[in-house]
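Quick notes on the structure that follows.
The values are calculated or read from the model by the stated rules, or taken from the named source; none is laboratory data. What you see is a predicted model; the values in this text were computed from it and never measured. When we count neighbours, we look across all protein chains shown, and the Cβ atoms used for this are built from the backbone with ideal geometry, even at glycine. Note: accessible area is taken over every heavy atom of the protein model, side chains too, but ligands, DNA and RNA are not part of it. Shrake-Rupley method; radii C 1.70, N 1.55, O 1.52, S 1.80 Å.
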Amino acid sequence: MKRPCNLALASLLSMEEEEEKEPKCAKKRRLNIGSKWEVNDLPEMPYLYLKEKTSAVILNDGPQNIANRIVKVAKNMNCIAEYNDIKAKAILSLEDTEFCVQLFKVNSDKNNKKDKSFSCIIVELCRLNGSPILFHRSACEILSACKSTNECQKQNRNHSPVPQSTILMKCRHGSKFQIKESDLFHRTVETVDTLLKKDRIDANLLGMESLQLITNTTCSSDAMVSFATNVVLNGGEFIDIKQKVNDLISNQFKNEVDDDITESAYYQKMRVGGFTVLWNALNFLSNSDSLNGEYFENDEWTGEDGLLFALLKEVGNAVENPKEAYLSGKCLLIILKSSADARMKACQLEASRIVSRASSSWDSYLLLKTVALELLSLLEDSK
């Protein structure tokens with residue numbers, strides 16, 4: 001085994017020395033997206049450090065100005081943020097996608113300590129877990145805000161991703177073993193059903209993420225989304241998938257996972273996935289003018305322990321679970337706009353009072369605030 005070269009070894013040693021100098025109780029705190037990120041000094045980029053491609057070079061600007069712009073765009077994106085002031089590092093979480101934002105300084109003027117701006121600052125983003133597509137879309141917005149330009153947004157609009165289903169059908173077309181579209185859809189949902197029934201956590205999460213993709217029109221064809229939407233809302237042959245989504249929304253397994261931190265984190269990801277799947281399905285039917293208000297006029301939706309009550313309860317719990325509350329609010333908007341019976345039932349359940357109960361968290365979550373105010377306006381007009 002080769003020994004590392006002197007330069008590389010020196011770089012590693014310098015990074016270790018900096019970590020040892022850092023206080024054990026770093027100023028690291030869990031914050032809402034409306035909080036401040038206080039950055040006074042930046043770590044120097046280590047020698048021979050390999051930069052991520054999702055990075056930007058900012059010239060002649062202060063670190064606090066850049067940090068303020070990052071906090072602002074994170075707030076607009078409805079992110080959950082964790083900031084470390086000493087390391088000039090932020091961990092952002094958006095729809096189960098987690099990524100790191102790190103600030104570095106290059107060629108700083110060591111003689112002028114009063115000057116809080118540096119000749120060159122590098123903003124680097126690195127995906128920790130979650131969707132690569134969502135990460136690159138978010139990284140583009142953050143880097144664009146740091147540079148105060150709109151070039152990245154224009155590129156994002158001009159180069160929209162090609163739906164995976166379209167690529168798949170092109171590959172299948174002309175092959176010797178052609179598969180009927182209906183058979184392909186059936187096999188896809190059957191795979192999702194198998195993953196959701198397994199005992200392994202990673203398999204369940206993969207099944208839920210796959211279900212989100214096949215109910216999303218930006219990732220799958222309209223025919224695939226239509227097939228998956230019918231499964232989510234009606235069940236049919238795959239009734240277990242529908243029941244799984246309904247149980248997650250109704251929070252049926254909460255008592256089983258409260259004592260285990262790992263299982264609680266897994267269960268929260270599954271719940272966010274369940275709300276996303278339901279909204280994808282309702283949104284697809286709403287946009288295609290196929291949503292009939294009579295569909296919600298049954299005990300499953302408007303009953304005593306129906307989904308309507310579960311969604312309202314989740315919106316009222318926005319302080320603890322803002323992601324779930326936001327997705328629940330979007331589902332409620334579609335349901336209440338489509339069904340007069342659902343609106344009447346919501347008024348009986350004192351929906352306005354439940355929605356207003358979490359108004360203290362609205363200023364920190366702009367998207368949630370928009371949905372909540374629209375819900376209140378719709379409920380007020382229904383009285």
Note to self: If I take R0 = 41 Å and measure r between the Cβ atoms of E297 and A265 in this structure, what FRET efficiency does the formula 1/(1 + (r/R0)^6) give, to the nearest 0.05?
What the structure shows: 0.65
Next item on the list: Return the carbon/sulfur percentage of the accessible area of region 261-343, one whole number, probe 1.4 Å, all protein chains in place.
Entry: 46
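Which links in K198/K313; K53/K369; K180/K337; K75/K242; K242/K323 stretch past 25 Å when you go from one Cα to the other?
Flagged as over cut-off: K198/K313; K53/K369; K180/K337; K75/K242.
Taking K and R as +1 and D and E as -1, what net charge do the other residues with C-beta under 14 Å from the C-beta of L125 add up to? Numbers along the way, then the final one.
Details: positive: K51, K53, R69, K89, R127, R137, K147; negative: E52, E98, E124, E141.
My count for the surroundings of L125 gives +3.
Counting Lys and Arg as +1 and Asp and Glu as -1, what is the net charge of the other residues whose Cβ lies under 12 Å from the Cβ of E297?
-2
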Next item on the list: Starting from the Cα of L376, step 7 Å along the direction of its Cβ; do the same at E237; then give the gap between the two resulting points in nm.
Entry: 4.8
